[in-house]
Each structure stands twice: as structure tokens, then as C-alpha cells.
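To start, the structure itself, in C-alpha cells.
The values are calculated or read from the model by the stated rules, or taken from the named source; none is laboratory data. Bear in mind the structure is a predicted one, so any value in this text is a computation, not a measurement. Reconstructed Cβ throughout: ideal geometry from the backbone, glycine too, with neighbour counts over all protein chains shown.
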Amino acid sequence: MRVNVFWSLCRRIAELKGRAWCKSLEDIMYALIVQKFSEASIAFVLQISASPKNQRVDSWSPQDVELESIHSAAALELIQEHLKLVLGGKNNRANNSNSTMQISKLRMGRAYAASAVYGYFIRRVDKRFQLERAATISTAQLIELEHTYLQGQSLGNPKDIDASFKEAQKTTAIVLRPSDAVNANRGTEEVPASGRLRAYMMSFDQATLQWYANLRSKECASVIERHTEALFGKPELRLTPKGVVAVAKDELISLSFSGLKRLILEAVAFGSFLWDVETYVDDFVMR
């Protein structure tokens, strides 16, 4: 009996320590995200409270330029598509910053959290894309250096050197992607980024794409949830007579399309920074 009680206490202590450890990680990750926003000169949108009917809540500054500048050109293209989708596709009102809409705080909170996850996903894929591309270009540059070395040799059979050069050219064509091969001699900066990240994502199978779309840790999910609730409030839930959980109370808020755009861009930036700090914390913990 005493042994069972002892092991029960040990398990309980381990659970409490695990929770405290997870909470500490979440606090550290959130603090690092705040630091990244500060370094980028971006101010968080403050808590959104209920407002009188038709009174806009978006009194914050747009900061679209700062929020877009933290992404690569390839990632920004996909983020703009996500933004158009949230704003209503090709709705003309989306291009009018003075247009006002009413939306429930619960729905806006869900859109904010989903956009944060999308930003996490885009940053994750973009980092792998940039890493693979850098490795590809580096390999091609080494091959080109070998070309130069072979051509510069004064000794040896010229036919052998020419054959080696042609063989290396074939290898370069395989190592480089088609759009890279055209610009291999002009450097990587001149390669247009438009559409290339999308094509890279399309090369994933469904399982790989789903794997990248998932948050890697429960701490990440908790950080997004806590920040979203701090911004929009925690929804009040109730249990219906049928045993279904439903929202007990929801509020409508009025904001402009420019204000909605600001919120979505901030959410995407939050998710992108979340990936960065999660990777940093992983590296730090592993040391």
C-alpha cells in the first residue's frame, strides 16, 4: 500500500515538474517573439475590446511595410495570396481601406490563429527551400571551379580535359534546377523568386505537406492560443441540453479592411517568428 502511494506521489511530482517546464518554455518562446517584433520596429495590436455599434476598433497604425519586410520574396507571394483569401478574394471592398465590416470576435480569433499557423508553415517550408537551394548552388559552383581547374592545366591530354568538362556540364545540369541553370553564371540573386516556392511545395506528396503544416510541439500550439486569447478574449462556452459544447456569448466588432489586413499580417509574422524561436530553443535545449 505504501509503495503504491509512493509511486503515485512520484508520478504526480513528475507531472507537475513537466507542466512547469512546458510553461517556462512557452514563456521563453513568447518573450523571444516579442523581442523579434521589437527588433523589427513592429508594435503588437493591443487587446480588442467590445465597442459601440459601428464604431471601429482598429485605431492602430498599419505597419504593412514592416510586417512584409520580414519575409523572403518567395514567401511573401504566398502570404499575399492568403491575405486575398481572408479578405474575400477579389472583392473590390478589400482594396478600399475606408470600407468597414462587422465580424464576430470568435471568427476573427479563429482567422488570426489560423494565419499564425500558416505563417509558421510558410517560414518552415521557406527555410528548407532556401537551404536546399543554397546547397544546390554551392554544389554547382564547386563543379564550375573544377571546370576552371581542368581548363587551366598545362599538362594532360586536351581531349581528356574537354571530355571531363562536358561530363561536368551534364552533372551541373542535373544538380541545378531549370531556372537556376539559366542563371548559374550570373549568381543566385538574379534568379526570380516568383512562383518558385509554390512549385517547390507542389512537389511534396500529401503526407509530407501535412507534416510541414503541423506544429512541431504542443508549446507552439499553446503560445498561439494564449496570444489569440489575450488579443480577442477567451470564448465563453456552454453545454447545450443535447450535450453539445457551444459558444455562450459572442460579440461583433467593426473594423476596416485595412485593419483586418493589419491583423492578418501580424498573425502571419507571429507564426513565422514562432518557427524561428522554436528552432532556437530546440538548439539551446539540445546543447
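Take LYS234 and tell me if it is basic (Lys, Arg), modelled with pLDDT of 90 or more and outside any strand (DSSP E or B).
It is false that LYS234 is basic (Lys, Arg), modelled with pLDDT of 90 or more and outside any strand (DSSP E or B).
If you go through the stretch 244-251 one residue at a time, do you hit one that is at pLDDT 75 or above and either part of a loop (DSSP other than H, G, I, E, B) or of a type in the set (A, V, I, L, M) (or both)?
Among the residues of the stretch 244-251, at least one is at pLDDT 75 or above and either part of a loop (DSSP other than H, G, I, E, B) or of a type in the set (A, V, I, L, M) (or both), which makes the answer yes.
On the given criteria, is MET286 aliphatic (A, V, I, L, M) and either modelled with pLDDT under 85 or on the phi > 0 side of the Ramachandran plot (or both)?
yes
Determine, yes or no, whether SER24 is part of a loop (DSSP other than H, G, I, E, B) and modelled with pLDDT under 90.
For SER24, the condition - part of a loop (DSSP other than H, G, I, E, B) and modelled with pLDDT under 90 - is not met.
Table: residues versus (1) outside any helix (DSSP H, G or I); (2) at pLDDT 85 or above; (3) surrounded by 13 or more Cβ atoms within 10 Å (Cβ to Cβ); (4) in contact with a strand residue (DSSP E or B) (Cβ under 6 Å, 6 or more places away or on another chain).
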residue: LYS53; (1), (2), (3), (4): yes, no, no, no
residue: VAL86; (1), (2), (3), (4): no, yes, yes, no
residue: LEU131; (1), (2), (3), (4): no, no, no, no
residue: LEU145; (1), (2), (3), (4): no, no, no, no
residue: THR148; (1), (2), (3), (4): no, no, no, no
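So, VAL281, is that one touching a helix residue (DSSP H, G or I) at 6+ places or on another chain (Cβ under 8 Å), outside any loop (DSSP other than H, G, I, E, B) and at pLDDT below 90 or not?
Criteria met by VAL281.
Six or more apart or on different chains, Cβ atoms under 6 Å: show the pairs whose first residue is in the stretch 54-68 and closer than 14 Å to VAL268 by Cα and whose second is among the polar types (S, T, N, Q).
Hits for this filter: GLU66/SER41.
Of all residues in the stretch 88-116, how many are modelled with pLDDT of 90 or more and of a type in the set (A, V, I, L, M)?
Of the residues in that region, 5 qualify.
Does ALA14 fit the bill of being under 15 Å from the mean Cα position of the chain (by Cα), assigned to a helix (DSSP H, G or I) and either modelled with pLDDT under 85 or surrounded by 19 or more Cβ atoms within 10 Å (Cβ to Cβ) (or both)?
Against the criterion (under 15 Å from the mean Cα position of the chain (by Cα), assigned to a helix (DSSP H, G or I) and either modelled with pLDDT under 85 or surrounded by 19 or more Cβ atoms within 10 Å (Cβ to Cβ) (or both)), ALA14 does not qualify.
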